[in-house]
Every structure is written in structure tokens, then in C-alpha cells.
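The next block holds one structure in the form of C-alpha cells; read it before the comments.
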Amino acid sequence: MRPEAIFARMPADSMSDDKRTFSPQSGSPEPTYSRIVLKLSGESFQGSQGFGIDAETVHSIAREVKEVYDLGVQMAIIVGGGNIFRGTRQKSLSIDRATGDYMGMLSTVINGLALQDALEKQGVFTRLQSAIEMHQVAEPFIRRRAMRHLEKGRVVIFAAGTGNPYFSTDTAAALRAMEIKAHVILKATRVDGIYDADPEKVSSAKMFDRITYLDVIQKGLAVMDSTAISLCMDNRMPIIIFNMNTPGNIRRVVMGEKVGSTVTVE
């Protein structure tokens, strides 16, 4: 058989079998953001058990993501790994900082696999990309491939942070958002937004509806680490902090409803 005959039989895109088609209902409102990066902490996977991965919690997250997926929004998700191992614990364990950070990155891959499985059970086409190559379980992170997946209607989960020690998954979220040209970063937390003090400890803590990057840095607010905030500020990437424990919040944010706190230039 001639080589060109073999290629003639191959589909134009070997991944086109799961391409999503989306037809919005006439008169339905359009999402405010059409391409987003959702940042999930590792702790959001542990549920009430306080460690590891809680199956019902992960499936609940998957259902929330499915709501936004059904709107036709292109979604990338950054997962943390603090429910399994946090790199900053290396001092108490007498582990070198870089080694501890790599262990934390591997934890994010475990969470990414759990979320991928839960999303696929919801009928969501998903790809897991890792900044640390491990071909048996995840694709390597390739920017153009990630963007192609998004364009074809697949949710892309980014794991292993940036692939480098000394950088948090918050910084990875900021970096990936720039790389894939996202419109906004949504950071899911367990509180309603950004406060001037810890609302779980200080009942009189004041919530900011809107705040600038500079104010976040100068006030030392625990939103994202300073590297991530600076990267977003330099590239004018808006950040919305919201409560993940309120059902439907991701969809509300995407649809432009006033939810949580927004970090912008001014």
C-alpha cells in the first residue's frame, strides 16, 4: 500500500471524536467570560475529613464545573496539592525545600487525576496536562496543544504547578492564564471574598468588593502570593475570589453576577 493511501485513511484530527458541539438557546444570556482559569486549592478536595481526597466533594466540584461547561465556556483548571502534601512542610520533615516542592507538585497530579475521573463521569471531555512529564498518566504541558483542547471544548486540568520549585500553584495559575489568553482567573476559597482580616477568626472583618493589585500587596492580604499578584498586575489579568462552598457560584461569576471580590488595576 502506498504511504499516501495510509495517510488518506487517517482522520484530520485524531482527537475529534470527542469534540463538543454547543448550541445556546435563543434568547439565553451570554457568559461574561468565555475563557477562564479556575484555581482550586488542594484543601478543596479533602471535604470534612481534613486530609486526602473525599469522593463526594470531588464529584460536587465536578458538577459545578459541568454547569459552566454546558454554557460553552472554555475552562482550564489549576489544582493544588495541600490535601496530600504541602511543600512548605519540608522544614518540619527535614526535607530540602526543592525536594518538598517537587513532592507537592506530584500531589497536584494525584488531585488532577481524581478531578479528571469525576468530570468524565459527568460527561465532560477532559485533558490532564502536567508540567512534569509522566506520559503514562498525563500529557506534557504544551501551550498550543492546551489552547487547541480548549477550542475543541475540552476542560484542561493543569497539574504539577509550573514544574519548578519555589513557585506556588497560585503563580502557576497566573502564568497559565497569560499563556492561554484567559479572560479572568477565578480563585475558589472557603470564604466569600477578600477581607482585611481572617473572617473565620475576626467577626468584624471587612470584605472588599473591589480592590487593586497594589492594595493587596501593600496590605499583605492573603489572596495569592506576591509573585502571582505581581504577574497579574503586570499583565492586567483580573482575579475574582469567591466562595466555592456556595452551590452555583462558579456559574454566577462566569455570567457576570456580583459574587466575591475582584482584583483589578483600579
With labels modelled as points extended 7 Å from the Cα through the Cβ direction, what inter-label distance (nm, one decimal) is found for residue 48 paired with residue 67? 2.1
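Within a Cβ distance under 10 Å of residue 38, other residues only, what is the Lys/Arg minus Asp/Glu net charge? It would help to have the intermediate numbers written out before the result.
Working: positive: 39, 187; negative: 64.
Around residue 38, the surrounding residues sum to +1.
What is the chain's relative contact order, in percent, from Cα pairs under 8 angstrom and six or more apart in sequence?
Working: 499 pairs, mean separation 54.4, N = 266.
20 percent.
Can you put 43, 64 in order of accessible area, largest first, using a 1.4 Å probe?
Numbers: 43 60, 64 25 Å².
Ranking 43, 64 by accessible area, largest first, yields 43, 64.
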How far is helix 97-121 tilted off the main Cα axis of the chain, in degrees rounded to 10, range 0 to 90? 60
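With all protein chains present and a 1.4 Å probe, how do 149, 135, 183, 59 order by accessible area, largest first? Working shown, then result.
Values: 149 0, 135 125, 183 85, 59 50 Å².
Final ranking, largest accessible area leading: 135, 183, 59, 149.
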Once you list every other residue whose beta carbon is under 15 Å from the beta carbon of residue 132, what net charge do they have if Lys and Arg are +1 and Asp and Glu are -1? -2
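Probe radius 1.4 Å, ligands and nucleic acids left out: which of 102, 166 has the largest accessible area, and how do the rest follow? Display every interim value, and only then the final one.
Details: 102 100, 166 135 Å².
Result of the area sort, largest leading: 166, 102.
Give me the percent of accessible area attributable to carbon and sulfur for the range 139-266, probe 1.4 angstrom.
Working: 2810 of 5970 Å².
Summing carbon and sulfur atoms, their accessible area is 47 percent of the total for the range 139-266.
Nearest 5 percent is fine: what portion of the DSSP beta bridges confined to the chain is antiparallel? Display every interim value, and only then the final one.
Values: 5 of 33 bridges.
Roughly 15 percent of the DSSP beta bridges within the chain come out antiparallel.
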What distance in nm separates the simple spin-label points at residue 55 and residue 243, each placed 7 Å from Cα in the Cβ direction? 2.9
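If we sort 239-245, 222-228 on the protection proxy, mean other Cβ atoms within 10 Å, highest first, what's the order? Could you put the intermediate results ahead of the total?
Values: 239-245: 21.3, 222-228: 18.7.
Highest mean packing first, the order is 239-245, 222-228.
Mind ordering 138-146, 29-37 by average Cβ neighbours within 10 Å, highest first?
On the way: 138-146: 15.6, 29-37: 17.9.
Ranking the peptides 138-146, 29-37 by packing returns 29-37, 138-146.
Tell me the per residue accessible area of the chain using a 1.4 Å probe; a whole number in Å² is fine.
Result: 51 Å² of accessible area for each residue.
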Just to confirm the number: angle between the C-alpha axis of helix 169-179 and the first principal axis of the chain, 0 to 90 degrees, nearest 10? 50
Would you compute, from DSSP H runs of 4+ residues alone, the mean residue ellipticity of the chain at 222 nm, taking -39500 (n - 2.57) per run and dividing by the full residue count, rounded to the nearest 500? -10000 deg cm²/dmol
Just 201, 121, 187 to compare: in a GNM of the chain, with alpha carbon springs under 10 Å, which one fluctuates most? 201
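The values are calculated or read from the model by the stated rules, or taken from the named source; none is laboratory data. Small disclaimer: the values here were computed from a predicted structure and weren't measured. With ideal geometry, Cβ positions are generated from the backbone for all residues, glycine too; neighbour counts draw on all protein chains shown. Note: areas computed on protein heavy atoms with side chains; ligands, DNA, RNA excluded. Shrake-Rupley method; radii C 1.70, N 1.55, O 1.52, S 1.80 Å.
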